[in-house]
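Visitor: Okay, here's the structure, questions in a sec.
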Ligand code: SF4
């Protein structure tokens, strides 16, 4: 399987492209994630020709419109920015996710300072980076995260899970039968996010016909990305464990079942880890040759070496 390709703010990879000539390298990205994905780096401000080092720029509200301007508000960089992004449109086609630098008026995802036109008063924290906004508008289904959220274990794990699901869907789903296969393999992942998720997506899959399939498969992808938007809730994860346990009702004796049920209950109390139960269910799937379960991405939604499942609590 090819590696997913992620767009990324160049400074996160350690490139000295920031306005002050520095970088904001993220060691997890450069040392760990980089083994399992390819990156397409991009520094919008450098590509706009602003140079390194450069004077800082900021978001300014003018007649209800938010623009990217020089710090003295005399130069409007917005037209240059937008035409630069358009020039690179092909470079961003086919990406499987994007990692943005936080707090930048260009790359930052939210709550950025927006200054008033006349420069007086306190800036309001309501802006979106102009490049971030362009990517969101032009590639709305793309999984995204920023350098701040990347430090939150649950958000990081969820982002990586989305990236691999998104890439697999694009690569593997080309007709009804490949969609059905994908849908089966992701069943328990979807159920962790939303108990009704597999059913809702199944209804979309059932409604698609071979005719015009290419154009309609995005309906499924759209719903899938919506379902996976936020990390799953503990009660849903527990629910999936019980569902999977149901496959072994004829294989396990009374005591074994009671032991595992106790473990799942303890998981809710934080006394047993998600990983411990996952390993046990995976072990039983192999021992009792449950092929349907062994094909589930639930047990390994991304490369094992990323060791992200241990961060699920
Ligand atoms: S935050 Fe964006 S614009 Fe700023 S240095 Fe990093 S990549 Fe360049």
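Visitor: Given the conditions (1) surrounded by 13 or more Cβ atoms within 10 Å (Cβ to Cβ); (2) assigned to a helix (DSSP H, G or I); (3) free of Cβ contacts under 8 Å to residues at least 60 places away in the same chain, report the number of the one that residue 184 does not fulfil.
Guide: (3)
Visitor: Would you mind stating whether residue 195 is outside any helix (DSSP H, G or I), assigned by TED's automatic domain parsing to the domain that holds residue 176, modelled with pLDDT of 95 or more and under 30 Å from residue 144 (Cα atoms)?
Guide: So residue 195 passes the test.
Visitor: On the given criteria, is residue 261 free of Cβ contacts under 8 Å to residues at least 60 places away in the same chain and buried (at least 17 other Cβ atoms within 10 Å of the Cβ)?
Guide: Considered against the rule, which asks whether it is free of Cβ contacts under 8 Å to residues at least 60 places away in the same chain and buried (at least 17 other Cβ atoms within 10 Å of the Cβ), residue 261 comes out as no.
Visitor: Restricting the search to region 104-147, which residues are in contact (Cβ under 8 Å) with a residue 40 or more places away in the chain and within 26 Å of residue 171 (Cα to Cα)?
Guide: Within region 104-147, 134, 135, 138, 139, 141, 142, 143, 144, 145, 146 meet the criteria.
Visitor: Follow-up. Any chance you could count how many residues in region 38-83 are within 11 Å of the ligand (Cβ to nearest atom), in contact with a helix residue (DSSP H, G or I) (Cβ under 8 Å, 6 or more places away or on another chain), free of Cβ contacts under 8 Å to residues at least 60 places away in the same chain and farther than 22 Å from residue 163 by Cβ?
Guide: 7
Visitor: Go through region 84-119 residue by residue and tally those that are under 25 Å from the mean Cα position of the chain (by Cα), in a strand (DSSP E or B) and more than 15 Å from the ligand (Cβ to nearest atom).
Guide: Summing the residues that are under 25 Å from the mean Cα position of the chain (by Cα), in a strand (DSSP E or B) and more than 15 Å from the ligand (Cβ to nearest atom) in region 84-119 gives 1.
Visitor: Follow-up question, since we're still on this one. Would you pick out the residues in region 271-309 that are under 21 Å from residue 4 (Cβ atoms), touching a helix residue (DSSP H, G or I) at 6+ places or on another chain (Cβ under 8 Å) and outside any loop (DSSP other than H, G, I, E, B)?
Guide: Those that are under 21 Å from residue 4 (Cβ atoms), touching a helix residue (DSSP H, G or I) at 6+ places or on another chain (Cβ under 8 Å) and outside any loop (DSSP other than H, G, I, E, B): 297, 298, 299, 305, 306, 309.
Visitor: Also: With (1) touching a residue at least 40 places away in the same chain (Cβ under 8 Å); (2) farther than 21 Å from residue 16 by Cβ as the list, and residue 101 as the residue in question, which single condition is left unmet?
Guide: Every listed condition holds for residue 101 apart from (2).
The values are calculated or read from the model by the stated rules, or taken from the named source; none is laboratory data. None of the values given here were measured: they were computed from a predicted structure. Quick reminder, even Gly has a Cβ in these numbers, built from the backbone with ideal geometry, and neighbours come from all protein chains shown.
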